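Participant: Attaching a single structure in structure tokens format; questions to follow.
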Amino acid sequence: MQVSDIFYLELDVAYGGMDQRHAHMLARDISKKLGRKPPVALHTPLMTGLQAGGR
């Protein structure tokens, strides 16, 4: 579903947490087969909690 959204919305950049990396890399692979420009994938670290100092 996430991969199809990237193509449906015609996104140039896919932005999400590291947990979304697999979906974004899949979108890049599929884009080549579809003849589309591969999206740029930006990832951020996941938050471990809302309070400072936690692990």
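Participant: List Tyr15, Tyr8 from most exposed to least, where exposure is judged by having the fewest other Cβ atoms within 10 Å.
Facilitator: Tyr8, Tyr15
Participant: In terms of the Cα gyration tensor, with a ≥ b ≥ c the square roots of its eigenvalues, is the chain rounded because a/c is under 1.5, prolate because a/b exceeds b/c, or oblate?
Facilitator: Prolate shape, in that a/c is at least 1.5 and a/b is the bigger ratio.
Participant: I need to check one value: relative contact order of the range 2-44, counting alpha carbon pairs closer than 8 Å and at least 6 residues apart, in percent.
Facilitator: Relative contact order, the range 2-44: 49 percent.
Participant: Determine ³J(HN,Hα), in whole Hz, for all residues of the range 27-43 in sequence, where each value follows from phi through the Karplus function 6.51 cos²θ - 1.76 cosθ + 1.60 and θ = phi - 60°; x replaces Gly and Pro.
Facilitator: 4, 5, 5, 5, 4, 5, 6, 8, x, 9, 6, x, x, 6, 10, 10, 10
Participant: Using only helices, what value at 222 nm comes out for the chain when you add -39,500 (n - 2.57) per DSSP H run of length 4 or more and divide by the total residues, to the nearest 500 deg cm²/dmol?
Facilitator: -11500 deg cm²/dmol
Participant: Quick query: amide H of Ala14 versus all other amide H atoms, modeled in the peptide plane; which residues come in under 5 Å with a sequence gap of 5 or more or a different chain?
Facilitator: Hits under the 5 Å cutoff: Val40, Ala41, Leu42.
Coordinate-derived values only; no laboratory data. Nothing here was measured: the structure is a model prediction, and the numbers come from that model. Don't worry about glycine lacking a Cβ; one is built from the backbone with ideal geometry, like all the others, and counts go over all protein chains shown.
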